[in-house]
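Data first, discussion second: the structure below is written as structure tokens.
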Amino acid sequence: MAPKNEPSFRQSVDMMFNRAVALMDLPPGLEEKIRVCNATYTVRFGVRLRGQIQTFVGYRSVHSEHMEPVKGGIRYAMSVNQDEVEALAALMTYKCALVEAPFGGSKGGLCIDPRQYEEHELEQITRRFAYELAKRDLINPSQNVPAPDMGTGEREMAWIADQYARMNTTDINARACVTGKPLNAGGIHGRVEATGRGVQYALQEFFRDRVGVGKSGLDGKLDGKRVIVQGLGNVGYHAAKFLSEEDGCVITGIIERDGALVSDEGLDVEAVHNWIVKHGGVTGFPDGTFVAEGAKVLEEPCDILIPAAMEGVINLANADRIKAPLIIEAANGPVTAGADEILRKKGCVIIPDMYANAGGVTVSYFEWVKNLSHIRFGRMQRRQEEARHQLVIDELERLDRYLGDAWSMTPQFKEKYLRGADELELVRSGLDDTMRIAYQAMRDVWHERGDVEDLRTAAYLVSIDRVAKSYRAKGL
Ligand code: GLU
């Protein structure tokens, strides 16, 4: 968390917004309308647990309804508060606009340490929270669609979906009331990995932008880059796994709650992940060197730093010691407005949260569409696609026979070409396309406008312009 002398998370988001909006030509009234959070609902409810009533405090904030439903996760953490939920809701508005997910921005949170409760207790608490939100249309397929965030996952989303269905027994679209559900409860392949996968696609696209890579002072490809990841939760784990297993990155540091691991040769992400699942932290992991003061590892030299846990971890207290030339914000708000300025002046390139972690909401969008269409992606066309490919293969085989030794098909070409895409492949393809197009929109603003220094400002410019256009179309 950011030190006390820094603005709050929401103020920090507003400062970044203001910096961008100063470069635009919006009527001041509209500027204000976009910046402010429309409403935040606070609920206090009691649940009888272990023989006594415990009171919980939860929030659902709606930042912008220029498009509906509004979208955003529900976080379970002790640090949840109104300021944080509002900052996160605002980021959801800009994130959805940037990746062209047709939603407004929202976010929810419950002040709770989920590790202190048994599964059946968490179910009781989640169902009660969902009830409170659903009865005010703060969970609703056409108005407000939550998703997982820190401290929540598929299990909680399944309870929420079921709670909504119990309260709306005739709603044929009930499953679309929440995303990030398990497959058997209306989820979609690839949602769990989506945010980490999006981070990978974002980096791949960044490394296709030679001018951008040049601005960071890095060179070459993603292959061989040295990476430090902070937080090996769902997002950090998947990002680190894909980058090391598929793109040739070397994970030289992993920072967790109880300390950090560093290794020049690179850490085995899967092994570290399994260790954390079993032992609750990285302490005692047999490979690499353990560093008790984990946060110090943020300051170690590396090519790419991936903060993937909390907001405010890179702040006024450590920004000037950060050495990474490239930071990709897999978490929401990991760099405070003050730190952002220091890093910018040092020439560090930051791939901003609203773009970098948008993979989650992008695949949530696909899941919502799947729920509303009541059919899995690829079901109609897969075999037809395979049949058409078979026609080409038949012709190639005829040619192969005719040409004898002079020519033959490349090994495995036939199998690869014949196989029609399943839902997971379609989801990944849709996500990759989304991440590329959104990057290109930011990139053009970054490189072509002389007054835009950084990718974050470029991202805000693209998003705010889109939100403003929606408001204008509504007559505002
Ligand atoms: N909680 C995630 C985020 O911050 C996902 C939101 C969603 O899928 O609606 O983007």
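Only the coordinates and a few stated rules stand behind these numbers; no lab work does. Predicted model only: the values in this text are computed from it and were never measured. When we count neighbours, we look across all protein chains shown, and the Cβ atoms used for this are built from the backbone with ideal geometry, even at glycine.
The modelled label-to-label distance between Lys323 and Ala295, using points 7 Å beyond Cα along the C-beta direction, is 2.0 nm.
When DSSP beta bridges are restricted to pairs lying wholly in the stretch 14-165, around 60% turn out antiparallel. Between Leu391 and Leu372, the contour length at 0.36 nm per residue exceeds the alpha carbon distance by 3.4 nm. Applying both filters, DSSP loop and at most 16 other Cβ atoms within 10 Å, to the trypsin sites (Lys or Arg not before Pro) of the stretch 345-401 gives Arg376, Arg379. Sorting the segments 311-317, 229-235, 34-40, 448-454 by their residues' average number of neighbouring beta-carbon atoms within 10 angstrom, most packed first, yields 229-235, 311-317, 34-40, 448-454. The spacing between the stretch 162-195 and the stretch 8-25, judged by their C-alpha centroids, is 34 Å.
When the helices of the chain are scored as -39500 (n - 2.57) per DSSP H run of n ≥ 4 and the total is divided over every residue, the value at 222 nm lands at -14500 deg cm²/dmol. Among residues other than Ser408 with Cβ under 12 Å from its Cβ, the summed charge is -1 (Lys and Arg +1, Asp and Glu -1). For the peptides 148-160, 182-194, 425-437, 353-365, the ranking by mean Cβ contacts within 10 Å, running from highest to lowest, is 353-365, 148-160, 182-194, 425-437. The alpha carbons of the chain stretch over 79, 57, 56 Å along the principal axes, in descending order. Backbone N atoms of the stretch 47-65 closer than 17 Å to the 7 Å Cα→Cβ label point of Val36 belong to residues 61-65.
Each part reduced to its alpha carbon centroid, the stretch 306-320 and the stretch 426-476 end up 24 Å apart. Looking at the chain alone, DSSP beta bridges between its own residues are antiparallel in about 50 percent of cases. The listed peptides 273-282, 258-267, 90-99, 411-420, ordered by packing as a protection proxy, come out as 90-99, 258-267, 273-282, 411-420 (highest mean of other Cβ atoms within 10 Å first). Look at where the Cα atoms of the stretch 29-79 and of the stretch 217-266 average out, and the two centres are 33 Å apart.
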